[in-house]
Amino acid sequence: MTVEVNNVPGANRCGARVDGEPRVADVAEYIRTTELVAFVHTEVAPEYEGRGAGSALVRSALDEARASGLLVPATCSFFAGWIARLPEYQDLLYQSRSKVSD
């Protein structure tokens, strides 16, 4: 299985296609600032679950965040769970520096 991941900055999302199929298998929507990229929603088409397309999408998106010097808040549970399992990406997690409390 080959997975091709494309980032569409104008649409604030990236998507993964499997084996050249026209249908997008996975999509991740994000909000990007000069310091952060927050992946706010990820969808995996049911027929692609467990086949690695989602992992390829997350890996590509996080590698791009690292190359751009961006941190990633753990907003999306799919991304957060993936990062939690892979120590080599945990340095990308955004940690709030705010001292404000309720």
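Please treat every number below as a calculation from the coordinates, not as lab data. Given the structure is predicted, the values throughout are model-derived calculations rather than measurements. Heads up, the Cβs are rebuilt from the backbone with ideal geometry, glycines too, and the neighbour counts pull from every protein chain shown.
Which of the residues that make up segment 15-35 are hydrophobic (A, V, I, L, M, F, W, C), within 14 Å of residue 76 (Cα to Cα) and surrounded by 15 or more Cβ atoms within 10 Å (Cβ to Cβ)?
Listed by number, the residues that qualify are 27, 28.
Just for segment 80-97: of the residues that are closer than 20 Å to residue 34 by Cα and aromatic (Phe, Trp, Tyr), which one is surrounded by the fewest Cβ atoms within 10 Å (Cβ to Cβ)?
94
Taking only pairs six or more apart or across chains, which ones have beta-carbon atoms under 6 Å, a first residue in segment 60-85 that is within 23 Å of residue 49 (Cα to Cα), and a second residue that is aliphatic (A, V, I, L, M) and in a loop (DSSP other than H, G, I, E, B)?
Between residues of segment 60-85 that are within 23 Å of residue 49 (Cα to Cα) and residues that are aliphatic (A, V, I, L, M) and in a loop (DSSP other than H, G, I, E, B), the close pairs are 80/74.
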